[in-house]
1. Explain nothing, just the number: dipole magnitude of segment 284-412 about its Cα centre with +1 on each Lys and Arg Cβ and -1 on each Asp and Glu Cβ, in debye rounded to the nearest 20.
2. With the Cα gyration tensor of segment 1-151 giving a ≥ b ≥ c as the square roots of its eigenvalues, does the rule (a/c under 1.5 for rounded; else a/b larger than b/c for prolate; else oblate) give rounded, prolate or oblate?
3. Which Cα, out of 51, 342, 392, lies furthest along the positive dipole direction of the chain (beta carbon charges, K/R +1, D/E -1)?
4. So between residue 346 and residue 478, what do we pick up on full extension, going 0.36 nm a residue minus the alpha carbon distance?
5. Roughly how big is segment 2-425's charge dipole about its Cα centre, with Cβ charges of +1 (Lys, Arg) and -1 (Asp, Glu), in debye to the nearest 20?
6. In what sequence do 426, 89, 381 fall when counting other Cβ within 10 Å, fewest first?
7. Starting from the Cα of residue 297, step 7 Å along the direction of its Cβ; do the same at residue 63; then give the gap between the two resulting points in nm.
8. State, as an integer percentage, the relative contact order of segment 301-449 based on alpha-carbon contacts under 8 Å between residues 6 or more apart.
Amino acid sequence: MNWIAHQVAKGRGLGLALLVMLAVALPGFFSLPPIDRDEVLFSQASKQMLASGDWVDIRFADAPRYKKPVGIYWMQATAAAVTGQADQIWSYRLISLLGALLAVGFTHATARLYLGREAAFLAAVALGASLMLGAEAHFAKTDAMLLATVATGQYVLARGARDKGLSWGLAMGFWATLAISTLIKGPIGPMVMALTLVGQCGVARSFAPLVRLRPLAGLPVFLALASPWFIAISYVSDGAFWNASLGVDMFEKMASAQEKHGAPPGSYLAAIWLTFWPAAMPLAASLAAIWAGRREAVVQFALLSLLPTWLIFEALPTKLVHYTLPTYPALALLVAYAVQSGALRRLWPMALAGLLPLGLLAALVWQAGLLGVSMPLTFWIGALAVTLSLGLILWAARRGAVPLAVALALGGMALNATIYPTLAGIDALWPSRPLAAMAANHPDCGFRVAGYAEPSLVFLTDARVQFEPQEQIMAALSAPGCQVIALPSPDAPAGGLQALGRVTGLDLGTGRRVDLSVWLKP
C-alpha cells in the first residue's frame, strides 16, 4: 500500500489506473466467444467492410445495417487489419478496450483539475473497476469508445471552466471529438456534452463557456470531419440510412419501448448500485457529502455532466442498462470528492450495496444449474475473492483515497476474473461454436440451419451459413452437392443422411433452449 501511495504521489497514478483497467478487461477477453447479438452485428459488418474494401456502405451478410453511423466500423475494421486477425472476435474488441483506457485517462485528467493526485487516482480506478465498463471493454460494440469521446469532451469543458479560457488546439480538439462521437453513435455523445455546456452557461449566466470553444471556427471543423460520410451514405443508400437510424432506431425508442426493452422511470437509479460496483459502495455513503458540497466547483461540474443526461434516459421508455454509461465519469468524480473531503462516515449504506455482486454470482450459479452445468473450482475461488473484497472496501473506506482505490481495484478485478472466464468455459452458452466446428470439417459443403438464427454463427462461418425453414432445407437436399444441415428435431430425416452430432444449450439472443441435430448429405 505504501509503495502504491508513493507512486501516486510521484504522479504515476494514471499509469496504475490504466493497469487496473487492463486487469479488469483482459480476463475472458480472448477466450469469450462472439456474443449475440449486438457484438456480432458490429464485428461481422466491420469484417465485411474490411473484406470488401467498401468503407462507406455498412452491411451484415447481404442486408444493410444502418442503425448506427460508420465510426465504430472503421475503427474495428482497422484494428482487424492491423492485427491480421480478422477471423478472431478479440481483434474487434480491441477498440472497446482502447475506449475504456481513454475514458479512464480523461477521467483522471478531469479529476486533477479539481482534486489532488490521490483523489484523481481514486476517480480513475472507480470508473475502470466498474462492472459496466468492464463489460463494455469485453464486447465489440460502440459504448466504450463513445464513453471515451464523452470523457474527452467533458475534460475540455472542465478545463475551460477552471482556466477561464482554452487554447486554440484544445478548442478545436473539442469539435473534432464531437465529430468522432457523432460518427460513432450519432447524437448521443453530442447531447451529453451539449447538456453540460448549457448547464455551464446557465450557472455562469453568460455565453462565456460557449465562446471559449470558438464555435465560429469549430463548427467548420466539425462539419469537415463528420459530414462527408453522411453525404456519401445518403447517396449510396438512397436515403435508407436516415430512415433506419433516425426513424427506426432512435425515434421509435423515444416513442415506445423497443424490442421489449421497456422499464419504468427510476430503473437506472435502481441498477446503478450494481452496474457501478464496486465504486457504488462508497457512492452510497457519499450522497450527504455531495449535497453538502453542491457549491464546490467539482461537484457542480459533475452534477451538470450527470443529471440532465440521466433524467433524459430515465424518461425514455426504451431502457438498456448501458445507456447511462456516459455519466459514469461524473459519478467517479463525486466519489473521489466525497472521499477527499473525509465524508465517508456511515458504512451501512456501503455494506448494503456490497451485497449486490453476490446476488449476481448466485444468479449465474442458478442459471448454470438449469443448464445442468456445475461451476469450476476457479469460479468458487473467484466468488470467495469477491466476498473478501467487500470487507476490504469497508475497511479502506475511512483510510483515504489510495487504500480505497486499491480495494476497489481488487474487487473489480476479482469480479471480472470470476465472471468472464467462467462464462467462456460453459459450452452450453455457445451453440454456435460446435455448429461452426462441424461445418468447418466439411468446408466444401453448403451449411443450412433451421430453428437457430444467431449472428454469432454468421461470424464464425464467415457468412457461409444460411438460415432457412426446415421444409426449405429438406427440399434443397435434392440439389446436387454435399450439405451440412442442422435441424430442431432429433429424428433422422429421410434420405440416408449421416449423423454428425447433436448440439444443445441456451440461445443467449432469445433466452430459449437449443436442441439441434446435425446431419451430412454427402
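1. The calculation lands at about 340 debye.
2. The shape class here is prolate.
3. Checking the options against the dipole of the chain, the answer is 342.
4. 40.2 nm
5. Working: 28 positive and 17 negative charges, 294 e Å.
Dipole magnitude for segment 2-425 comes out near 1420 debye.
6. Values: 426 19, 89 24, 381 12.
In order of increasing Cβ crowding within 10 Å: 381, 426, 89.
7. 5.2
8. Computed over segment 301-449, the figure is 20 percent.
Just so you know, all these numbers are worked out from the coordinates, no wet-lab data involved. Computed from a predicted structure; not experimentally measured. Glycine also receives a Cβ, built like all others from the backbone with ideal geometry; neighbour counts cover every protein chain displayed.
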